[in-house]
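Undergrad: Below: one structure in structure tokens.
The values are calculated or read from the model by the stated rules, or taken from the named source; none is laboratory data. Because the structure is predicted, anything quoted here is derived from the model rather than measured. Heads up, the Cβs are rebuilt from the backbone with ideal geometry, glycines too, and the neighbour counts pull from every protein chain shown.
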Amino acid sequence: MPDLSHLLVFIAAGWLLNLTPGPDVFYIVSHALRSGTRAGIVAGLGITAGCFVHIGAAALGVSTLLATSAHAFTVLKFIGAAYLLYMGMRMIFAKASPATDLVAMASATAPRSLRAVFMGGFWTNVLNPKVALFFLAFVPQFIAPDVDNKALAFVLLGVLFNVNAIPVNSGWALAGAWMARRDAVQKGMHWLDRIAGAMFIGFGIKLALSDAPAAH
């Protein structure tokens, strides 16, 4: 494990990275806008669960395979891109719903929809090979060369990064829910869905066009 100063740098870098808008952030905010704070937080928890899969995979060497095998990277890349495109199309073609009471709407469908929100966040993260490669590139920088069990150190730092992301993701959920309470935002909710959908399609296309690391 790194010393205290390096650990604080690791935590700060993790927070800054989680504040950067990307597919995960837009997934959280879009659900918070549509269904309130609870849905946004659940979306973030689904993404966190997906990150744990990448942490475990990296520790087991699966991420190394993705980093060195163009074929493995390409397969997962296109699966992830297809999923992002699917989500984007669903948002764009979703029927408009009255935006009079978002909190009541979320409460009425919470047991079923929150499970779907969680799993959507989970798969959005798991099917993105760039998340696996991110952990593989970022975390080892903070592992001391003389550490005996590097796999365990990797897992511990990965878990710390993931846990630290929870308050940031919750903050995005709160921001999205706050925006949803503004009259102007509620009136434009149908268009916000379309904007978010277009963003997901953009992320999907960007992922599909990305090169495998071995190609560089």
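Undergrad: Working only within region 108-136, note down all residues that are loosely packed, with under 14 Cβ neighbours inside 10 Å and modelled with pLDDT under 75.
TA: A108, T109, P111, R112
Undergrad: Quickly run through region 139-151 and pick out the residues that are touching a residue at least 24 places away in the same chain (Cβ under 8 Å) and either crowded, with 19+ Cβ neighbours inside 10 Å or not small (G, A, S) (or both). Give the steps one after another, and end with the answer.
TA: Step one: of region 139-151, the residues touching a residue at least 24 places away in the same chain (Cβ under 8 Å) are 139, 142-144, 147, 151.
Listed by number, the residues that qualify are V139, F142, I143, V147.
Undergrad: Return the residue satisfying two criteria in turn: it lies in region 154-208 and is part of a helix (DSSP H, G or I) and charged (D, E, K, R), and of such residues it is modelled with the highest pLDDT.
TA: Step one: list which residues in region 154-208 are part of a helix (DSSP H, G or I), which gives 154-180, 183-187, 189-208.
With the extra rule that they be charged (D, E, K, R), the set shrinks to 183, 187, 193-194, 206.
On the way: D183: 65, K187: 54, D193: 64, R194: 74, K206: 77.
Applying the filter and picking the extreme gives K206.
Undergrad: Give the residues of region 121-151 that are of a type in the set (D, E) and part of a helix (DSSP H, G or I), sorted by residue number. Quick ask: steps written out before the conclusion?
TA: From region 121-151, those of a type in the set (D, E) are 146, 148; that's our starting set.
Passing the criteria: none in range.
Undergrad: Would you pick out the residues in region 71-106 that are assigned to a helix (DSSP H, G or I) and modelled with pLDDT of 75 or more?
TA: Within region 71-106, H71, T74, F78, I79, A81, A82, L85, Y86, G88, M89, R90, I92 meet the criteria.
Undergrad: How many residues are among the small types (G, A, S), in a helix (DSSP H, G or I), over 16 Å from the mean Cα position of the chain (by Cα) and modelled with pLDDT of 85 or more if we restrict to region 13-44? Spell out the reasoning first.
TA: First, pick out the residues of region 13-44 that are among the small types (G, A, S): 13-14, 22, 30, 32, 35-36, 39-40, 43-44.
From what's left, in a helix (DSSP H, G or I): 13-14, 30, 32, 35, 39-40, 43-44.
From the residues that got through so far, the ones that are over 16 Å from the mean Cα position of the chain (by Cα) too are 13, 35.
Filter once more, so that each one left must be modelled with pLDDT of 85 or more: 35.
Counting residues in region 13-44 that are among the small types (G, A, S), in a helix (DSSP H, G or I), over 16 Å from the mean Cα position of the chain (by Cα) and modelled with pLDDT of 85 or more gives 1.
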